[in-house]
Amino acid sequence: MATAITNALLSTSSAATGSSSSAILGKDDFLTLLITQLKYQDPMNPLDGTEFAAQLAQFSTVEQLANMNDTLEASVTTNQLMAQSIGNTLATTLIGKDVKASGNSVQWTGDSTVRFGYTLSSAADSVTVKVYDEAGTLVRTMTDTGVESGDNTMTWDGKDDAGATMAAGKYTIAVEAENASGAAVTSSTFLFGTVEGVRFTTSGTVFVVDGMEIPLANILEILQGKTNG
């Protein structure tokens, strides 16, 4: 009996580890072992009823856990699909809305002004804001003094340092701030714009804001009224 059960154990274990879908004993393997044990038990010394009942309880537990795992996996998948569907539906409601988003790019349309901002970790004695074109050329430098910590907004009229109007397109904003001691003050930039559309990509939802793609995670605030102009 011991040899037969041992062979059954080795056979079942080999089948489990050789399977591409699982490397552990499942409920079918457990049942095979139980049947093999009953088949080869000594008629003169049969399996104790209490022990047999315990093994049946173990089999039942294994089966329930396996079924529970399948149910949980199906539930998680369903919830993910539902959350994505709800998120995509809500995202479309932002079309036409003015937003504030983290980022360092702004879109100059060729007329009016561009409004943007920066956040300081602490008060700054001086702040220098630089505007670069798409080629990385510095076109405008603006300065401010005695700036408080937190959010601060500025506007750019679309002109370079010589007063010439720049061509319409995307421009990059860079902020350099120092405190009274000359130490650098940490800063981050943000932009304002109108959501023109929503795109659902493999990497997530992105909003088209004034022609620029901005990830959903970068949207900081939904605003009332126009942000530029």
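Observations on the model:
- Enumeration of residues in segment 198-221 that are part of a strand (DSSP E or B) and either in contact with a His (Cβ under 6 Å, 6 or more places away or on another chain) or free of Cβ contacts under 8 Å to residues at least 60 places away in the same chain (or both): 199, 201, 204, 206, 208, 213, 215
- Within segment 107-126, being part of a strand (DSSP E or B) and either under 12 Å from residue 167 (Cα atoms) or touching a residue at least 60 places away in the same chain (Cβ under 8 Å) (or both) holds for 107, 108, 114, 115, 116, 117, 118, 119, 120, 124.
- Any hit, segment 138-158, residues being more than 28 Å from residue 90 (Cβ to Cβ), in the same structural domain as residue 106 (by TED's automatic domain parsing) and free of Cβ contacts under 8 Å to residues at least 12 places away in the same chain: yes
- Any hit, segment 168-178, residues being in contact (Cβ under 8 Å) with a residue 40 or more places away in the chain, assigned by TED's automatic domain parsing to the domain that holds residue 211, touching a strand residue (DSSP E or B) at 6+ places or on another chain (Cβ under 9 Å) and among the acidic types (Asp, Glu): yes
- Condition check for residue 180: surrounded by fewer than 18 Cβ atoms within 10 Å (Cβ to Cβ) and more than 20 Å from residue 113 (Cα to Cα): yes
- For the criterion of being of a type in the set (Gly, Ala, Ser), surrounded by 13 or more Cβ atoms within 10 Å (Cβ to Cβ) and within 26 Å of residue 194 (Cβ to Cβ), residue 110 fails.
The values are calculated or read from the model by the stated rules, or taken from the named source; none is laboratory data. None of these values were measured; they are calculated from a predicted model. Cβ coordinates were reconstructed from backbone atoms using ideal geometry, including for glycine residues, and neighbour counts include every protein chain displayed.
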